[in-house]
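The values are calculated or read from the model by the stated rules, or taken from the named source; none is laboratory data. Bear in mind the structure is a predicted one, so any value in this text is a computation, not a measurement. When we count neighbours, we look across all protein chains shown, and the Cβ atoms used for this are built from the backbone with ideal geometry, even at glycine.
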Amino acid sequence: MPSNSNSNHRDVDYVFRVGGEGGEGVISTGEMLTQTLARAGYDIYTFRTYPAEIKGGHANYQVRASGKVLLSYGAAVDVLLAFNQEAYDKHIGDVRAGGVVLYDSDSFTAAARESLIYYPVPLTSLATEKIGVKLTKNIVALGVLGQLFDIPLPTFEHLLKERFGRKGETVVQKNLQALHVGAEYIAHQRKQDAILLGPGPRQTKSLILSGNESLCLGAIAVGCRVYAGYPITPASDIMEFLAKELPKLGGFVVQTEDEIAAIGAVLGASFAGAKAMTATSGPGFSLMTEMMGLGVVAEIPAVIVNVQRVGPSTGMPTKTEQGDLYLACYGGHGNCPRIVMALTSVEDCFYGIMRAFNMAEQFQLPVVVLSDASLGHRKATVPVPDLSRVPVIERRKPSLEELVNYKRYQYTPEHVSPMSVPGVSGGGYIAEGLEHDETGYPAASNHENHLRATNKRYGKFHAVEQMANELTRIYGEPHPEIGIIGWGSTEGVIREAVQLAQEKGYSVGALHPKILYPQPLAKLTEFLQGTKAVIIPEVNYSGQFATLLRKRFAYDFVQLNKCIGLPFTPKEILDKIEEVAAHVHSGRRSSAYAAKL
Amino acid sequence: MAQVKEYIGKVKPDWCPGCGDFAVLNALQRALADLDIAPHNVQVVSGIGCSSNLPGFINAYGFHGLHGRSLPVATGARLGNHDLTVIATGGDGDGYGIGVGHFVHTCRRNVNMTYIVMDNQVYGLTTGQASPTTEKDIVTKSTPEGTIEIALSPIALALTCGATYVARGFSGDNLHLAQMIKGAIEHKGFALVDVFSPCVTYNKHNTYPWFRERVYKLEDEKHDTADFRLAMEKAFEWGARIPLGLFYKVERPTYEDEEPALRSGTPLAKQPLQRTDLAAIMEDFI
Ligand SMILES: Cc1ncc(C[n+]2csc(CCOP(=O)(O)OP(=O)(O)O)c2C)c(N)n1
Ligand code: SF4
Ligand SMILES: [Mg+2]
């Protein structure tokens, strides 16, 4: 019988993986396990892959639970729950030596490997014979996990009551029964493994959010009330979340006919004075580029979220990539300064989107916010947000004096002009996509004016670059021998790799900016000084951030690119650090191990 | 009642002398004056084209955006502040060519706004290529052997897509045109006014005299504007006799009526910015 014998639950750090047929509850089993572990007081970090098809195909859900703050989805699997042979075959290679395999013995018989511990459980027949509902096999499995590893059963029970309460008492009872059927079944078996959790160390409540959910909460907090969008994986759940929540706050969602209309409606609503945003993924973002340019020239605040997936074209819709950075920074025609920022963690999705709205309002231009499938769809425990951390900024409005002979695009020292809204007498103007003068009237044949106006638009970058410097984070050594520069969702995994490398005695540090365009040049310059080599890990093929940095720095960066639609593991980055360190110490030039392409 | 001159912009129109668009500008100003809508409460949104330059010549708030994309922006502006009188303007290329997807869905959405299309059956600004309403076999710069495709019927398209006010005017009859526009602004829902607005420079076929010989007014023939089938039939009447006037009008709840946030209360744009209490939403995620 397991008990709370695990004296130091801070040492708990286990990876659970659930695999099976898509559409048969694999994802919801993973979610319930996650929620229970989080409520039990553990930090959690999930990763899921699911087929592009809706029903059928293989799906799996992984959750890492720890007594300490988690930065990545981990490495080897400690516990594999396999509902079918395919899941077993796909994942068995990832289970660490001494790890546990729990499987549905009604579905298949595993050819046992010597180094692993097996618990065959007739999940399906327990569900059909004892409960009479086949799908409760998922809950039976949770009962087994709870009993075997001492994950508090009352926490499971509470969750089941919440989840199934709406479906009536009978359904709740059947699920509770299933949980106990699983627990009792395994209680009679001999325990062979040493995995025990018990209650976790965290006492305070925390939220369990996906990146996309966290982003929605932040958008609501900062005053976004209009969302226009067109469905696309992995961004659709942002629209769905807001469609549910915005009406309660007097706002709404418009589902437009395409992404061009979505960003058009955002510009229109923002022009009228409302805070608006759209979210999409690569294909939709490509369609938005012409409108983004309009937003820059007409100087309209707008927030455009791109939850990146694998491209080009339709690519791999449910898989992750950091492949849209070029498009975000340079997409569209003309000289077109927009702000590009990248979200780095589930918690950062909350504060990051708030900052995006603030910058859009403050600088009156579109802000592109890059997330990705791995971040948008993973869940993590997040402290209840502290709203005082990010103030809410409003756009600059014209004063009464400024409304006399009002100039919408007036030149000012900070390059931001007073922006009137329709309905204000005396503030009439034309938001103009043609090159225009200070009043907004077209000046499409005035050559000197074009330079002045372009200078004005780029002038905003001085202040944004300052912010970019302030929003750059350094992890590990601030002046390391081996530097790492990352962006976006790789923050956690890089931090973990840096910690591991430091433990091994390497001089390592990582720089992670939140604003990527314009770049935090001061911070980058300072960081690069004194480094012997700098690695740039990116989940893309060509090294898009590395390429942007090479434009500004004559530095022989070492690229580390992963282009299989999956995020990095800490080990992959650690291996690269060790490889580069070996070269540095043997005195070889860094170009000898430049990008493997 | 307001004066027409209150709606005259600071910049003089730079259209070719004789261009049909002058009459449209004038008719719009007249309609707004008749309805006594203060200029600062009028929002004119356009795309790109000769006709789309109109917001520059009227005293109101304007938005001169992208080719084909006036309707999404107008929709956003209207939903952001539903106290505004929103008018979208543009050309046949802008609205029925590159932007036709938005046209289809804006009809269906029935947002309360007026869409005035200056239909000159040619691409004017780009100096004379065929447009979606160019008739078959017409020689243009891009169709030296004559157009191969048949022309699209904007009236029929608007009807099938669910527009609730569908009318046609002619730049050669300014008072009638102003009436059509006034009716459109007063109408609650998405209103299309397709205007024969001759391009005197690049369309030597559909000229003022060409239209004068053919047009007649539906009003003069006791047309029933509630009869959808009849409206469809009239939409395709072309050749010797071409109808002007109100083809169809129906009351259907607007997007604003159906959207709770817009039905009640202050426009979003006028609501004070304040911090939102997230406590209730966060309960779902603990
Ligand atoms: C995306 C894009 N494609 C092409 C153009 C070039 N262009 C400008 S106006 C126009 C056609 C204008 O025709 P119409 O809308 O009928 O207006 P008109 O000038 O006849 O009033 C075109 C093709 C553009 N501005 N943007
Ligand atoms: S080219 Fe045609 S449409 Fe354009 S201004 Fe001249 S007459 Fe009017
Ligand atoms: Mg035209």
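Some values worked out for this structure:
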| read-out | value |
| --- | --- |
| Residue list for the range A:407-425, restricted to those being within 12 Å of another protein chain (Cβ to nearest Cβ) and surrounded by fewer than 19 Cβ atoms within 10 Å (Cβ to Cβ) | A:Val424, A:Ser425 |
| Pick from the range B:179-198, criterion more than 10 Å from B:Thr114 (Cα to Cα) and crowded, with 24+ Cβ neighbours inside 10 Å, ranking: nearest to ligand 1 (Cβ to nearest atom) | B:Ser197 |
| Restricting the range B:112-126 to residues that are closer than 19 Å to B:Val86 by Cβ and crowded, with 24+ Cβ neighbours inside 10 Å, the residue that is farthest from ligand 3 (Cβ to nearest atom) | B:Met113 |
| Filter result for A:Tyr42 (closer than 28 Å to A:Ala112 by Cα, modelled with pLDDT of 90 or more and among the hydroxyl-bearing types (Ser, Thr, Tyr)) | no |
| Residue among B:Ser264, B:Ser197 that alone is touching a residue at least 60 places away in the same chain (Cβ under 8 Å), more than 30 Å from A:His158 (Cα to Cα) and of a type outside the set (Lys, Arg) | B:Ser197 |
| Positions within the range A:261-310 being under 17 Å from A:Ile232 (Cβ atoms), of a type outside the set (A, V, I, L, M, F, W, C), within 12 Å of chain B (Cβ to nearest Cβ) and within 23 Å of the chain's Cα centre (by Cα), in sequence order | A:Thr278, A:Thr289 |
| Selection from the range A:317-375 of residues that are among the aliphatic types (A, V, I, L, M), within 10 Å of the chain's Cα centre (by Cα) and over 14 Å from A:Phe285 (Cα atoms) | A:Ala342, A:Leu343, A:Val346, A:Ala373, A:Leu375 |
| Complete set of residues in the range B:81-116 that are away from ligand 1 (no atom under 12 Å from the Cβ), within 27 Å of B:Ile8 (Cβ to Cβ) and not charged (D, E, K, R) | B:Asn81, B:His82, B:Leu84, B:Thr85, B:Val86, B:Ile87, B:Ala88, B:Asn112, B:Met113, B:Thr114, B:Tyr115 |
| Count of the range A:161-175 residues which are closer than 17 Å to A:Lys134 by Cα and either buried (at least 16 other Cβ atoms within 10 Å of the Cβ) or in contact with a helix residue (DSSP H, G or I) (Cβ under 7 Å, 6 or more places away or on another chain) (or both) | 5 |
| Number of positions in the range B:138-187 that are part of a loop (DSSP other than H, G, I, E, B) and in contact with a helix residue (DSSP H, G or I) (Cβ under 8 Å, 6 or more places away or on another chain) | 6 |
| Residue in the range A:371-384 that is within 14 Å of chain B (Cβ to nearest Cβ), of a type in the set (A, V, I, L, M, F, W, C), surrounded by fewer than 21 Cβ atoms within 10 Å (Cβ to Cβ) and at negative phi present | yes |
| Helices (runs of 4 or more DSSP H) fully within the range A:258-370 counting 2 or more residues that are crowded, with 24+ Cβ neighbours inside 10 Å, aromatic (Phe, Trp, Tyr) and not assigned by TED's automatic domain parsing to the domain that holds A:Met419 | A:346-363 |
| Selected residue [hydroxyl-bearing (Ser, Thr, Tyr) and more than 25 Å from A:Val310 (Cα to Cα)] from A:Thr46, A:Thr34 | A:Thr34 |
| Top-ranked residue in the range B:30-76 [being away from chain A (no Cβ under 14 Å) and part of a helix (DSSP H, G or I); ranked as surrounded by the fewest Cβ atoms within 10 Å (Cβ to Cβ)] | B:Leu35 |
| Candidates B:Ile181, B:Ile148, B:Ile185, B:Ile155, filtered to the one that is away from ligand 3 (no atom under 16 Å from the Cβ), more than 14 Å from chain A (Cβ to nearest Cβ) and without any contact (Cβ under 8 Å) to a residue 24 or more places away in the chain | B:Ile148 |
| Filtered residues of the range B:101-132 (kept if within 15 Å of B:Ile155 (Cα to Cα), more than 13 Å from ligand 2 (Cβ to nearest atom) and assigned to a loop (DSSP other than H, G, I, E, B)) | B:Pro132 |
| Only listed residue being within 11 Å of chain B (Cβ to nearest Cβ), within 24 Å of B:Ile48 (Cβ to Cβ) and under 39 Å from the mean Cα position of the chain (by Cα), chosen from A:Gly428, A:Gly433 | A:Gly433 |
| Failed item, numbered, when B:Asp83 is tested on (1) within 16 Å of ligand 3 (Cβ to nearest atom); (2) touching a Pro at 6+ places or on another chain (Cβ under 6 Å); (3) of a type in the set (Asp, Glu) | (1) |
| Residues (acidic (Asp, Glu) and within 15 Å of ligand 2 (Cβ to nearest atom)) located in the range B:74-100 | B:Asp92, B:Asp94 |
| Near pairs, Cβ below 6 angstrom, 6+ apart or cross-chain, from the range B:31-54 (more than 12 Å from ligand 2 (Cβ to nearest atom)) to any residue that is acidic (Asp, Glu) | B:Gly47/B:Asp94 |
